[in-house]
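Input: a single structure, listed below in structure tokens.
Taken together, the values in this text are just the output of simple stated rules run on the coordinates, not laboratory data. Just so we're clear, the structure is a prediction, and the values are computed from it rather than from any experiment. Note that each Cβ is placed from the backbone with ideal geometry, even for glycine, and that neighbours are counted across all protein chains shown.
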Amino acid sequence: MPAMPEVASILERPQRWDAPFSPDMTELDVDRLLTIAPFRQMSADKFPKRTPLRDILANDTRILSFRQGEIIMRQGDYGTSAYLILSGAARVIQKPGLPASLLGRKEPVKKGVFQTLAQLWSARRPPESYPRSLWGGSKGVGTRQAENQDARVFLQDVPRVLNEHRTDLMRDGEFFGEIAALSRMPRTSTIYAEGEGTIQLLEIRWQGLRDLMKYDDALKKHIDKIYRERALNSYLNAHTLFRHLTEDQRHQVASQIEFATYGEYDWSGDYKRLAQTGTVQPEKEPIIVQQGDYPNGVVLLRAGFGRVGQKFGAGERTLNYIGAGVAFGLQEIAHNWRNPNAPVNMQYTLRAIGYTHLLVVPTRVMEQIVLPSLPAHELPAAVEPVAEPASDLAEDFPAREQRDKISAETLEFLTSNRFFNGTASMVIDLERCTRCDDCVRACAATHDNNPRFLRHGPASGRLMVANACMHCADPVCMIGCPTGAIHRESFAGQVVINPVTCVACKACFNNCPYGAIRMVDIRDETGQFVLDQDLKPLSKATKCDLCVENRGGPACERACPHGALSRINLNNLDALAKWLNR
Amino acid sequence: MVEPMKRFRKQFWRGTVVFVLASWLALELHQAWQARLPNETFITGWVLFGCMLLLTLLNARKKLPFLPLLRAETWLQIHIYGGFFTVILFLIHLHFRVPHGGFDLTLTALFGIVTISGIVGLIFSRVLPRRLKVRGGEVLFEKIPAIRHSLKRQAENLVLGNQAASPVLAEFYARRLAGFFAGPENFWLHLLLESRQPINELLADMTDLRRLLTETDAKVLEQLMDLARQKDGLDYHYSLQKTLKMWLFVHLPFTYGLMLFALWHIVVVFAFSGGAQ
């Protein structure tokens, strides 16, 4: 019989600041920060003992230095940090933004007829081989290393940028990047370091920013104000629910909207760890709205995802998941407004999956301003409360048609594996797929003889989601790319990597929770591996680019002779239901 | 409300209707012109050869996935229904008679093999994926040898490794399981009969061993049985997936042979007839 261990392994319980943002932050740095606005004005007494102001600054911030022309953030990138200028200045490039080449990206160009035909012979090249002319990086920008070894991209011709673009100057004491960090939206501007010498920035990761806002009213008010001014009005202008409002009414709504975030910002890391240990389980997801509660307001999902569920037996059954742009609770509030004598409570529970950023339009604002503006045909149907909630709940869910065609097991499979994030997921019908690998060969022939996916992945019933980039709605792979090599293509928002500016830092490779990015050793035209000064092979991050440059769309989908493979937006259950029942 | 027809069903009916109409038209034309056109066989021969060339374009399309040349699914539909139509044309070309002579018989045999292998392949590609899905345990074909090797190693460690205790298990492994884990087993039984008889017999024999084992060894036996079930599932996938790949190794070479013979047939016909005059 195997011997039992005599003493159980004892480990310290993991703490929030086990991994500080930067190991280089010293007590002196913190002392210095506490003498600078806005930290100088913050009252340390308002912070709880578990998260004192001093520890937040020591663990959730880091000081960075940038030299003139170095890009601090790029328009369209995703980031999890806000910045405070400690010394020096930074310049914001207003519209029109910098061209793709200056942002480390590829100019979006569809292949012409000749380039398409040229693949007949270029497909014979060694896998992932690049001509030497492409190793030098993008024109107009250069790359250099910062003191902390991070790769930095700098503009080579700053005067030209100043001549050709409208810019604004920001000086020490100013914040930027806080809205994108808190709402997980793409950065709206490109910002670079200005002036002679170096500028110093304080980078605050989102957890720190969240706590600072929580315990310091001034900062919260400041960021709320910026949010309402910069982000909210444009959002309300674009949302169909508010399109009948006058400008004045829209401002009234904006001034009374509340915003909130739920869940963990770095959910992808947790999910990836769980997936790697094979213990993925739907964790306790924070409740945003509870079934049976009074409807306090319409919840508008701005970023992230929510799981819609309803009580079923002793538990809760998933009915749907919803993403950005969806209004939750509108049906109940509209019902109560039209039927004040027969009010209903919330019919479903909404939970945050991963990370969710949302806006809440209070019921009073809905009833007084928004609902009266909507034409009768745009109002949702009245709610018919269910007599026996445990019996046949699916019949009362608005997306009944989808539910009829997608089994509860498939819905649970898609939700627990976070596949709703994919806007172009590779789905395979196992009842049609003959495992011929024509899709893999087509991908290889289209991409330098290196197939960019694995025809295998998690499966439920006859649905398999293959290991290919899903072009996520929430692309966590794009967080932290130092050169902007991974970016959204301007054609239709596909996530692509520019091999020319990829510096093989592995940030995207490590971030992708689905393991859809691979590091591949590159070769020269002769097929020899390219080595660096230390004689280690140079690599690049590669992934499915949805054949963005090819005419006709994804080669994998077009190459399947049995119609077994499709690229589907899994955030749209209608599309999936239609495909499964084709 | 009438539910709209589903895509695959629509595809089937569209192909079938086009095939029936085209076949009817070909037979009618053949009937009408047979007596009037002296070179009717030349015409049917050229149309037949043209159709055969069209069918080979599916493979060419597969080799050029980066060109925007319709979806492979569309090409396969053309290939399937065009293939059935080509059979009708072939019969018309033969005037519904069995040909004479070694060359013509060989050509006909090649055509028959290509046609039958194509139909068998079509049936395989519609039936076997469903069976694979029902069985579960999806695995990449290329990974099967590595997984098989891993199962073998695990089984060997259980009965022959450092922790192994029972000579009964070791003897049984050497006698019954070593061969089973060494390579693919029961290929045809899995493919044709979907038979579970061999694995059930093996598991029954293993269950019979229990009375000879200590409690600890019985647990090892349970693990061995689990490995045997996994190996059987792997063999099932190997059998069906290999068949899905291998039928093309009959269909394609015979197609090349058929096209070469058909070309030679054309040359010979023109050499001895002076062409269609």
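So the values come out like this:
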quantity	calculated
Rg and Dmax [Cα atoms of segment A:149-241; Å; Rg one decimal, Dmax integer]	16.1, 49
Cut-off 16 Å, label 7 Å out along Cα→Cβ of A:Ala89, residues of segment A:57-75 by amide N	A:67-70
Calculated FRET efficiency for the pair B:Asn157/A:Glu525, C-beta based, R₀ 51 Å, to 0.05	0.60
Burial ordering of A:Val465, B:Val87, fewest other beta-carbon atoms within 10 Å first	B:Val87, A:Val465
Spin-label proximity, B:Leu263 to segment B:38-59 - amide N less than 19 Å from point 7 Å beyond Cα toward beta carbon	B:45-59
q = 0.07, 0.17 Å⁻¹: log10 I(q)/I(0) that the Debye formula gives for chain B, counting C-alpha atoms only	-0.45, -1.31
Spatially proximal lysines relative to A:Lys506 (Cα-Cα < 21 Å; intrachain offsets below 8 disregarded)	A:Lys106, A:Lys272, A:Lys536, A:Lys540, A:Lys543
For residues of A:434-440, the mean tally of beta carbons on other chains within 10 Å	6
Equivalent-ellipsoid semi-axes of segment A:410-580, from the Cα gyration tensor, Å, largest first	28, 19, 14
Three-way shape label, the protein assembly as shown, alpha-carbon gyration tensor, a/c 1.5	prolate
Calculated FRET value between B:Phe103 and A:Arg67, using beta carbons and R₀ = 56 Å, to 0.05	0.10
For B:Glu40, A:Glu27, B:Glu194, order by how many other beta-carbon atoms lie within 10 Å, fewest first	A:Glu27, B:Glu194, B:Glu40
Helix B:7-33 axis, angle to chain B major axis (alpha carbon atoms, nearest 10°)	40
Average beta-carbon neighbours from other chains, 10 Å sphere, peptide B:130-143	3
FRET efficiency estimate (nearest 0.05) - Cβ-Cβ, A:His456 to B:Arg135, R0 22 angstrom	0.85
Sequence of A:Met478, A:Met470, A:Met170 once ranked by neighbouring C-beta atoms within 10 Å, starting from the fewest	A:Met170, A:Met478, A:Met470
Segment A:190-250-segment A:25-60 distance, computed between alpha-carbon centres (Å)	22
Mean separation of Cα contacts under 8 Å (6+ apart) over length of segment A:410-580, as relative contact order %	29
Set of lysines near A:Lys220 by C-alpha distance (under 24 Å), chain-local residues within fewer than 8 positions excluded	A:Lys46, A:Lys49
Fraction in percent of alpha-carbon pairs per bin - 10 Å, segment A:283-358	20, 50, 26, 4
Set of lysines with alpha-carbon distance to B:Lys242 below 22 Å, sequence-local pairs under 8 removed	B:Lys62, B:Lys63, B:Lys133, B:Lys143, B:Lys152, B:Lys231
Separation of the A:Ala118 and B:Arg196 label points, Cα + 7 Å toward Cβ, nm	5.8
